[in-house]
Amino acid sequence: MTAVHFQPDNFSLPELTDDERRILAEIRKRKGQLIDELEQLKNELAEVVSEMESIDVPENESLVYRKAQAKNRQLTIGRKKFNMDPKKGLDYLMLHNLVEQTPEGVAQFLFRGEGLNKTAIGEYLGERSDFNLKVLSAFVDLQEFHDMILVQALRQFLWSFRLPGEAQKIDRMMEAFARRYCEQNQGVFKSSDTCYVLAFAIIMLNTSLHNPAVKDKPTLERFISMNRGIDGGNDLPEELLKSLFDSIKKEPFKIPEDDGNDLMHTFFHPDKEGWLWKQGMPLHPALLG
């Protein structure tokens with residue numbers, strides 16, 4: 001058997017198919033992009049630190065002014081750190097008493113979102129530690145969904161951060177969303193499971209309608225049929241499903257312009273074929289029975 005020798009970025013595998021070669025090329029391209037983005041973030045952080053440290057405060061300025069300047073400097077540095085590594089950024093901000101060391105305090109900071117990367121917010125909210133789960137719950141409780149139809153509430157929710165790229169993280173976020181929506185719109189659905197299932201159906205509808213790779217576009221009739229019996233065994237009003245369908249068909253979901261994320265592009269600007277169906281999304285038990 002002939003040995004195959006690998007070189008770091010210059011090797012060939014004759015047994016690779018054309019699709020596999022294309023995927024490998026895409027991975028290498030994305031790797032280069034990520035390295036460039038990381039280097040850019042490091043340079044930006046270095047510039048901010050340098051600028052903050054070079055600020056001269058006149059000797060006659062008050063102590064209050066000096067403390068305010070120092071606080072603003074630390075806050076700017078903390079935000080930059082958060083955008084590079086959410087946990088390290090929050091550790092820095094808490095150490096300098098700029099963010100309360102409670103789930104509610106962190107949730108307020110993330111909800112305001114001033115100077116924060118929406119992708120970094122989503123990654124932090126998706127973590128499964130006890131503290132992060134409490135932050136997610138508090139973050140969702142800051143959302144106001146009163147008297148909104150489901151698709152409007154989803155648009156608002158998904159604008160406050162970017163969904164992470166792991167199915168289990170998305171699952172936890174959507175469960176929290178469904179709980180909050182049902183708390184503020186009692187009587188619309190029989191349970192939060194109904195809201196959860198329908199919310200995912202809306203996201204998949206968005207993918208199918210606006211993904212150019214999907215040739216067989218779902219119709220209103222198919223959307224209604226796919227959601228029969230999801231409200232505790234009963235059907236949802238067709239008028240409700242029609243309004244949701246029409247809203248997504250007319251206007252796809254919009255997301256904040258952060259750095260790239262493959263799953264988000266599948267959901268909202270999809271150019272990858274059938275990701276949801278291939279991955280067996282979603283995971284919630286209500287969607288498996």
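The values are calculated or read from the model by the stated rules, or taken from the named source; none is laboratory data. Computed from a prediction, not measured in an experiment: that's the story for all the values here. Please note: Cβ atoms are built from the backbone with ideal geometry, for glycine as well, and neighbour counts cover all protein chains shown. In case anyone asks, the SASA skips ligands and DNA or RNA and just uses the protein heavy atoms, side chains included. Shrake-Rupley method; radii C 1.70, N 1.55, O 1.52, S 1.80 Å.
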* Give the stretch 199-225 a look and list any residue that's assigned to a helix (DSSP H, G or I) and more than 26 Å from the chain's Cα centre (by Cα), or say none. => Leu220, Glu221, Arg222, Ile224, Ser225
* Quick one: count up the residues across the stretch 19-42 that are exposed (fewer than 11 other Cβ atoms within 10 Å of the Cβ) and at pLDDT below 80. => 1
* **Selected residue (criterion: farthest from the chain's Cα centre (by Cα)) from residues of the stretch 123-149 that are at pLDDT 95 or above, open to solvent by less than 40 Å² (accessible area, probe 1.4 Å) and not polar (S, T, N, Q)** => Phe145
* Tell me, please, whether a residue that is under 21 Å from Leu163 (Cα atoms), in a helix (DSSP H, G or I) and modelled with pLDDT of 80 or more can be found in the stretch 255-276. => no
* Somewhere in the stretch 181-194, is a residue assigned to a helix (DSSP H, G or I), more than 19 Å from Ile149 (Cβ to Cβ) and open to solvent by 60 Å² or more (accessible area, probe 1.4 Å)? -> no
* Which members of the stretch 208-232 meet the condition of being closer than 22 Å to Asp193 by Cβ and open to solvent by less than 60 Å² (accessible area, probe 1.4 Å)? -> Phe223, Ile224, Asn227, Gly229, Ile230, Asp231
* Inspect the stretch 77-99 for any residue being exposed (fewer than 15 other Cβ atoms within 10 Å of the Cβ) and modelled with pLDDT under 90 and give the result as yes or no. => no
* Criterion: under 29 Å from Leu241 (Cβ atoms) and touching a Ser or Thr at 6+ places or on another chain (Cβ under 9 Å) - qualifying residue of Gln156, Gln152, Gln168 -> Gln152
* Members of the stretch 175-222 found to be under 15 Å from Leu158 (Cα atoms) and modelled with pLDDT under 90, listed by number -> Phe200, Ile203, Met204, Asn206, Thr207
